[in-house]
Amino acid sequence: MTQSGMKFVDEFRDPHAARVLLRELELSIERLGATPGKPLQIMEVCGGHTHAIFRYALKDLVPPALEFVHGPGCPVCVLPMGRVDDCVAIARRPEVIFTTFGDAMRVPGSQMSLLQARAEGADVRMVYSPLDALALAEANPTREVVFFGLGFETTMPSTALTVLDAERRGIRNFSLFCNHITIVPTIKAILDSPGMGIHGFLGPGHVAMVIGTAPFEFIANEYKRPLVVAGFEPIDILHSLLMVLRQLEAGEAKIENQYARLVDPDGNRVALEAITRVFELREFFEWRGLGSIDHSGVRMRAAYARFDAEKKFAIPNVRIADPKSCQCGEVLKGAIKPFQCKVFGRACTPQTPLGALMVSSEGACAAYYQYARRSHIETAA
Amino acid sequence: MCLGIPGRIVAITNSSAKLATVDVLGVQREINIACVLGENETVADCIGAWVLVHVGFAMSRIDEREAELTLQLLHELGEAQAEARTMREGAMP
Ligand code: SF4
């Protein structure tokens, strides 16, 4: 096999293949009897998919009777204000170097974001990896280095392994402020919410790469909805959509894996072991826009208390209601589209985000703002 | 943050800690490769392998073509250069 990489890329970008898939989607939708007035709603759970759907204008390419509902799959977007306030409180302690991924810097808290806290003198540093935070701890033995751990199961192994590394190397001035969340209970909460109209799901490819496909089975078994674990190429997304529709046509509900080239149905053994060693489920966790969801977050096990920022520092842990004008929750549940939010593009823009969905390019509102405006400009030009 | 970025393992920096140097779009940095080691594999066996890197950890082996595809995707999403920049800058102790 001496097929060149470029050729392979062409296969995945093949406009002919895309056209065939789009045609198949159209026929399938016709057979299913969906109409633009009564569309089929498919939720893409992962923010990475949301971004790709906008970037490649897939939502305008698919038949109008097929509607994407953008899921809660952007971990930065669902961070509640109270948690940002907790971060700011830790970061303001004089002994602390507070480390975070860049994405989280601009999420608004009730008083300020981490970026503003830094402007006011807190030692907040952006890192690429929790490993950088651990290196900072080693280099600054008189300071307390706190890493703000957030994300779904995709980033959970990295923080778990970093904590295990800190233990192995006896680094004592490192701790984790654990805000990791887990996607499965959240999908369940969406499925349980009144008026839920979602017919099927595109499953998060990289979460499944870590946890495997078994944790999604209940969606098919208990809720009778198909889920197809999807890759991130435009063709992957179209192909996965068709797999969902084919199941609907056959009256089936199964968990299928379109992204088998990366996703092992059993997940990643080393990653899962590290996660289970370090973390345990919380009774509940608060999500921006969605409220409190049972068992949807993890905390550190007692055995790792000395690396747990929640144990090391007094955390205010105050629950702050989302601003009244924010309709992030409705957007997340698929009840309204971002531009239907009253503050969209006015008080709430990527430069001045009111709600978290405006903060990261994986958030539905920021994606609408960025790409809807761009296509507007392109058509005007 | 969630999509990761493809890189190629070019050197081993600490085999007991399973740390290696990866090259991502010409940026070289140390990452942890524990999650992509097979049961009977040593760290040195991974030199030359393409991996998908999430926040400093190799999370999956990929082939070269998948790597190229993913890089193009990230490029088109406007995330490739930003990710490489963050990798380079990180936090200087
Ligand atoms: S426009 Fe702003 S406030 Fe409204 S839903 Fe989107 S992020 Fe939330």
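The values are calculated or read from the model by the stated rules, or taken from the named source; none is laboratory data. Computed from a predicted structure; not experimentally measured. Every residue, glycine among them, receives a Cβ derived from its backbone with ideal geometry; neighbour counts consider all protein chains shown. The accessibility values were calculated without ligands, DNA or RNA, using every heavy atom of the protein model including side chains. Shrake-Rupley method; radii C 1.70, N 1.55, O 1.52, S 1.80 Å.
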Residue in region A:206-221 that is of a type in the set (Asp, Glu) and under 29 Å from A:ARG277 (Cα atoms) present: yes
Members of region A:333-361 found to be at pLDDT below 75, under 17 Å from A:LYS59 (Cβ atoms) and either within 10 Å of the ligand (Cβ to nearest atom) or within 14 Å of chain B (Cβ to nearest Cβ) (or both), listed by number: A:SER361
A:SER158 closer than 19 Å to B:ALA34 by Cα, of a type in the set (Gly, Ala, Ser) and in contact with a helix residue (DSSP H, G or I) (Cβ under 6 Å, 6 or more places away or on another chain): yes
Selection from region A:134-149 of residues that are more than 14 Å from A:THR100 (Cα to Cα), without any contact (Cβ under 8 Å) to a residue 40 or more places away in the chain and facing chain B (nearest Cβ under 10 Å): A:GLU138, A:ALA139
Test: residue in region A:370-381 that is under 23 Å from the mean Cα position of the chain (by Cα), polar (S, T, N, Q) and more than 30 Å from B:ARG61 (Cβ to Cβ): yes
Check on A:LEU161, facing another protein chain (nearest Cβ under 10 Å) and open to solvent by less than 10 Å² (accessible area, probe 1.4 Å): no
Any chance A:GLU310 is more than 16 Å from the ligand (Cβ to nearest atom), closer than 30 Å to B:GLU39 by Cβ and charged (D, E, K, R): no
Residue, modelled with the lowest pLDDT, within region A:279-296, restricted to residues that are in a loop (DSSP other than H, G, I, E, B) and farther than 25 Å from A:LEU354 by Cα: A:HIS295
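Can you confirm whether A:GLN327 is away from chain B (no Cβ under 14 Å), polar (S, T, N, Q), within 10 Å of the ligand (Cβ to nearest atom) and buried (at least 21 other Cβ atoms within 10 Å of the Cβ)?
yes
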Among residues of region A:271-280, those that are without any contact (Cβ under 8 Å) to a residue 12 or more places away in the chain and surrounded by 14 or more Cβ atoms within 10 Å (Cβ to Cβ), counted: 1
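So that you can scan it fast, the table gives a plain yes or no per residue for (1) under 27 Å from B:LEU74 (Cα atoms); (2) assigned to a helix (DSSP H, G or I); (3) over 21 Å from the mean Cα position of the chain (by Cα):
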| position | (1), (2), (3) |
| --- | --- |
| A:LEU245 | no, yes, yes |
| A:GLU256 | yes, no, no |
| A:ASP264 | yes, no, no |
| A:LEU272 | yes, yes, no |
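Just give me the residues in region A:27-49 being part of a strand (DSSP E or B), more than 18 Å from A:LYS224 (Cα to Cα) and either at pLDDT 95 or above or more than 14 Å from every other protein chain (Cβ to nearest Cβ) (or both), in sequence order.
The answer is A:THR35, A:LYS38.
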Residues of region B:36-59 satisfying the condition of being open to solvent by less than 10 Å² (accessible area, probe 1.4 Å) and under 17 Å from A:VAL207 (Cα atoms): B:VAL51, B:LEU52, B:VAL53, B:HIS54, B:VAL55, B:GLY56, B:PHE57, B:ALA58, B:MET59
Complete set of residues in region A:281-309 that are among the charged types (D, E, K, R) and either open to solvent by 60 Å² or more (accessible area, probe 1.4 Å) or under 22 Å from A:ILE190 (Cα atoms) (or both): A:ARG282, A:GLU283, A:GLU286, A:ARG288, A:ASP294, A:ARG299, A:ARG301, A:ARG306
